[in-house]
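Worksheet: the structure to be examined is printed underneath.
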Amino acid sequence: MQNPKAKMDEIKTKFMDLLNKQTNRQVKIPAMGFSDYFIQTVTAAESLKSDNLEKTQSSENDAEIINAQKSDQEILESIEHIYFQVESDTDMYELKKVLGNGVNYDLINSTIAQLRKQHKVLSKKVRQNILEQRSACNEEFVAINETQKELEQALWTCRKARSYLNYARTNLTTTSLEILASYRKREILKELLNSLQAVKKLKSTDVEVQKLLSDCNYSGAISLLLRCKNFAVEFMEYNCVQSLNKKLQETLLLTEYQLDTVLNEMILNFDMQKYAKLQEAYKLLNKSLMAMDQLHIHFISAIHSSVNSVIRGYNDPNVDENLKYLYEQLCENVEADKYIPCLISLCKTFWTILASYYQMVMWHQNYKLYSVDTAESPDLYIQEKLKKGKSRIWNDILTKICTFLQSSKLKTLKYDQFIQVLSIIQRLKKVGLEFCGEHSDKLIEIMQIQSEEFFQRYHIACLEEICLFLDNESWTVVDSFGNILQLPEFRSVRHTLRRHKSPPVVLLINSPSVEHSPTSNNNCDELVSVHSQDAVSSIYGSYGYFLRFSEKSSPFDGGLDVAMLEEDILSGIVDEASCYFSEESDDEHKSLQSKECEDLTGCISVTVNNTTLNVFRCIGRYLQMCKLLHCISPKIVMSMLELMDFYAFAVHEIFAKDSVVQMENFYSPKLEEKLEYVSHHVVPNIKIWPLNFSSLINNELANPDTLYGLSQRIVAVESGHCMVQQFQILHTYLNHLLPAQERSMLKNYFDYLNFMMDVGKPVYTCVTSRVIDLTAILTMMAKVKWDVNHVSFQHNNYIDIMNRNIQNFAMRLEEIGKEIAVPAEPVWNSMTHVATHLLVEGFSNVKKCSAGGRALMQLDFTNFMSILELISNQKYPECRAYVDLFIKAYYFSNEQFEEWIIEQKNLQTQQYTNKQLTNLIVCACISDKRTRQKLLNLVGNDHHLNTSSTSSTATT
């Protein structure tokens with residue numbers, strides 16, 4: 001225990017420190033003349049003096065106190081800084097200051113007075129601070145007393161503890177200490193033995209791990225390594241364990257690398273059992289999420305590496321493999337004959353990757369790695385990661401496929417090869433839709449562009465092919481043809497046409513355009529529903545690709561048969577079930593031909609030639625492309641119509657250009673529009689047009705013995721008519737393929753299906769206009785005296801000649817009818833048209849005519865028409881009315897004549913020429929000049945009075 005005197009000195013020191021701390025910070029006490037003794041002895045006396053001074057100064061006014069305070073503060077601030085420094089020599093400082101310039105007693109006295117004044121003020125300030133801190137000092141003394149009591153209690157406790165320890169030392173024996181020592185030694189030996197066993201186990205861990213890895217027991221190997229690492233941490237004080245721990249860490253890293261290698265193998269060769277063990281191992285490593293990220297990297301890397309490997313396998317083997325080609329260059333280096341095999345190989349490789357990924361997704365959906373099922377569960381993260389990874393993987397595959405499809409080799413493929421490419425892409429698109437729900441818009445866009453370019457070239461090639469057929473056409477009937485469904489190009493759509501069967505349509509020769517074809521209320525939604533119902537009937541076809549195939553088998557194996565042409569690549573129409581219908585044998589196919597023809601067309605006999613057969617085949621191929629390329633189906637359907645329109649245009653160019661009469665009125669506005677469209681938009685694309693038909697025109701069409709090639713003309717026109725008939729079978733189905741906004745194009749076409757009959761009018765007129773010698777008949781009619789007063793019962797001689805010509809024409813038709821079916825109605829209509837217009841032209845050339853002459857005209861016309869209707873076995877009310885009206889106009893009154901002229905001029909297609917009307921007015925109003933001039937003004941072409949062109953105006 002410390003000496004009480006020393007204790008008091010310590011307390012005194014602390015007290016002085018307290019006083020110094022509590023003093024005003026702005027007042028600094030100089031060290032001059034102060035000591036411990038001064039503080040202790042002077043404090044009490046100064047306090048008494050301060051009390052007396054306060055009492056004596058209480059009577060002073062407040063102003064003096066304020067001035068005194070200010071002066072004290074100024075005196076304190078005037079104290080020099082050296083007096084506040086601890087080690088400063090103030091005596092020497094003052095001496096130097098007053099004696100620096102010699103002895104100056106006044107300066108010494110003033111300095112002494114100043115120092116005394118400063119000392120007095122400073123002492124006063126110190127006393128005030130001491131008095132202010134008196135209460136704090138008392139509190140500190142109380143705390144000191146309490147501290148002293150605690151120290152005495154602590155001293156007592158120490159003495160008591162020492163007495164207890166002394167007692168324990170004297171009572172414990174040496175035997176007890178030896179027992180404790182032995183027990184401690186035994187525990188140390190046991191711990192040493194455990195350490196040796198752990199070291200032995202750590203040493204043999206590497207061999208056991210490799211054995212477990214070879215047995216694909218990845219979780220066991222990881223578990224063993226982790227246990228050994230935990231053992232090694234407990235014995236790190238041994239140098240051998242430290243080296244073993246380092247080796248275990250390296251083994252663990254190698255094992256993780258091996259796990260990553262096996263995980264990479266799962267991409268192209270998925271094994272469910274191996275994958276389960278891998279996931280269990282990653283779970284033990286607490287790296288399941290990291291493994292999933294690494295897995296997606298492997299998938300992306302596998303896509304890029306495998307696609308380059310496949311493409312290089314189809315490049316020229318002589319190319320240096322060390323050269324680094326870009327993927328686009330590798331695609332361009334694939335030869336055209338290897339293009340499709342290369343595409344199939346790419347699709348198979350991609351399928352393997354996608355199938356593996358799909359099975360991984362299914363595995364994670366069926367098995368949970370972690371039992372905790374919360375919003376932050378790792379299983380939910382993994383499933384979400386796999387779900388997002390689908391789109392990324394599929395987009396990478398699409399990028400590679402689209403780049404391959406954009407190569408120039410695709411443009412050089414033939415039609416069958418291009419169709420096969422479309423079929424492959426169709427299945428690839430369905431794989432993507434089933435894999436990640438994406439519609440592969442980029443793939444569709446690329447194929448649409450490529451298809452439009454290919455189809456444009458192919459369409460021109462088909463037109464040129466039709467030109468070659470036209471140039472070598474014999475214009476004879478092909479007897480073996482029954483209907484378009486027997487052609488191989490239509491075999492793939494035969495079952496589809498049954499589902500979308502149009503009602504039976506029989507187009508007669510004089511039938512108007514079909515107005516009741518079911519073109520409305522047909523849309524793609526209806527087609528989808530039909531296909532969906534068919535899919536239910538096929539159990540095998542109703543399952544998706546990923547359930548029917550594995551990573552070792554793919555939808556692209558075993559070739560791509562024609563059944564795939566039932567599919568649609570660029571639209572949402574799904575007709576998967578139709579890919580698996582059973583094809584009939586050839587015998588079954590032949591037995592169904594007649595039934596299908598009856599059900600679908602209602603036609604019994606057809607007339608076609610080789611050219612129209614080729615047009616059918618082109619339409620069949622177009623139809624296949626239309627189903628596979630639904631987005632460009634309007635363009636394809638328009639091209640189908642162009643093929644038929646071009647055939648009609650070619651028939652017109654070959655067989656309707658050798659007429660001896662003008663035929664402006666033979667062309668309807670729609671026919672003129674169609675022919676003009678072909679001439680301006682189709683023909684300029686054909687390089688080999690115009691063709692050389694001089695031999696046909698010179699040998700057949702100019703030969704009277706063959707009736708100017710009438711049989712060839714009939715085959716040409718009727719083949720085109722049959723072509724339109726057969727095309728009408730596709731009406732309803734084409735409506736399903738076309739978008740709703742594009743169906744008006746097809747409807748407008750089917751509203752004018754009789755355009756081939758309109759083409760037949762000028763074609764047949766080229767023959768019928770030569771049956772009668774028009775010039776001779778007009779000359780004979782000009783010699784007849786028409787201003788007679790009495791009418792005889794005998795017709796004129798020119799009628800006998802015309803009747804004989806008609807009889808000869810009928811006999812020639814019978815001879816031609818033995819070889820081919822003659823369309824009697826249009827041929828006789830043409831004949832009647834030429835004859836009646838010939839009569840009107842002859843009647844209009846009459847200068848003078850009486851009522852008897854008009855009666856004679858009616859007699860001649862009646863005799864001719866009776867013979868004509870008898871021979872042709874037909875009636876011609878329009879032609880009768882045409883001639884009768886012209887003859888009866890002679891009897892009109894002036895008002896009726898004027899109204900009739902106005903009516904004729906307002907007709908869209910004028911029945912009579914201005915020359916005929918002018919001659920009729922001049923003849924009828926020969927004595928009434930005023931009326932004649934008025935009517936001529938209505939006609940407006942009185943300058944044609946003197947014009948006459950016999951052969952050119954015989955029929956108008």
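The values are calculated or read from the model by the stated rules, or taken from the named source; none is laboratory data. Keep in mind the model is a prediction, meaning the values are calculated, not measured. Here Cβ is always computed from backbone atoms with ideal geometry, including for glycine, and neighbour counts include all displayed protein chains. Ligands, DNA and RNA are excluded from the accessible area calculation, which covers all protein heavy atoms including side chains. Shrake-Rupley method; radii C 1.70, N 1.55, O 1.52, S 1.80 Å.
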Legend entry - chymotrypsin sites (Phe, Trp or Tyr not before Pro) within the range 847-883: DSSP coil, no more than 15 neighbouring Cβ in 10 Å: none
Inset, instruction - Hand me the chymotrypsin sites (Phe, Trp or Tyr not before Pro) from the range 379-477 located in a DSSP loop with no more than 13 other Cβ atoms within 10 Å, in residue order please. - result: none
Legend entry - Pairs beyond 27 Å (Cα-Cα), from 687/747; 211/385; 96/120; 785/875; 761/934: 687/747; 211/385; 785/875; 761/934
Legend entry - Over 21 Å (Cα to Cα) - which of 283/390; 324/388; 348/429; 388/430; 348/414 fall in this group: 283/390; 324/388; 348/414
Inset, instruction - Per residue of the range 880-896, in order, report the coupling 6.51 cos²θ - 1.76 cosθ + 1.60 (Karplus, θ = phi - 60°) as ³J(HN,Hα) in whole Hz, putting x for Gly and Pro. - result: 4, 5, 4, 6, 4, 5, 5, 6, 6, 4, 5, 8, 5, 6, 4, 5, 5
Inset, instruction - Sort the range 630-674 into rounded, prolate or oblate with this rule: let a ≥ b ≥ c be the square roots of the eigenvalues of the Cα gyration tensor; rounded if a/c is under 1.5, and if a/c is not under 1.5, prolate when a/b is larger than b/c, oblate otherwise. - result: oblate
Legend entry - Residue-wise HN-Hα coupling along the range 86-103, computed from phi with Karplus coefficients 6.51, -1.76, 1.60 (Hz; x: Gly, Pro): 5, 9, 7, 9, 5, 4, 4, 5, 5, 4, 4, 6, 8, 9, x, 10, x, 7
Legend entry - HN-Hα J in Hz across the range 917-934 - Karplus 6.51, -1.76, 1.60, θ = phi - 60°, x for Gly and Pro: 5, 5, 4, 5, 5, 4, 6, 6, 10, 5, 9, 10, 5, 5, 5, 4, 5, 5
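Residue separation times 0.36 nm, minus the C-alpha to C-alpha distance between residue 773 and residue 254: what's the value? Mind dumping the intermediate values first?
Working: separation 519, 0.36 × 519 = 186.84 nm, distance 10.74 nm.
176.1 nm is the gain from fully extending residue 773 to residue 254.
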Inset, instruction - Would you please classify the overall shape of the range 609-734 from the alpha carbon gyration tensor, given that a ≥ b ≥ c denote the square roots of the eigenvalues, rounded means a/c under 1.5, and beyond that prolate means a/b larger than b/c while oblate covers the rest? - result: prolate
Inset, instruction - Take the Cβ-Cβ distance between residue 332 and residue 658 as r, set R0 to 56 Å, and report the resulting FRET efficiency rounded to the nearest 0.05. - result: 0.55
Inset, instruction - Determine, from the Cβ-Cβ distance of residue 151 and residue 179 and an R0 of 51 Å, the FRET efficiency 1/(1 + (r/R0)^6), rounded to the nearest 0.05. - result: 0.80
Inset, instruction - At 7 Å along the Cα-to-beta-carbon direction for both residue 300 and residue 441, put a label point, then send me their distance in nm to one decimal. - result: 2.3
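What is the range 288-446 by shape, rounded, prolate or oblate, if you read a ≥ b ≥ c off the alpha carbon gyration tensor as root eigenvalues and call it rounded for a/c under 1.5, prolate for a/b larger than b/c, and oblate otherwise? Walk me through the numbers before you get to the answer.
Details: a/c = 3.11, a/b = 1.94, b/c = 1.61.
Prolate shape, in that a/c is at least 1.5 and a/b is the bigger ratio.
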Inset, instruction - Please give the FRET efficiency for residue 163 paired with residue 287, using the beta carbon to beta carbon distance and R0 = 51 Å, rounded to the nearest 0.05. - result: 0.20
Legend entry - Accessible heavy-atom area order of 112, 887, highest first, probe of 1.4 Å: 112, 887
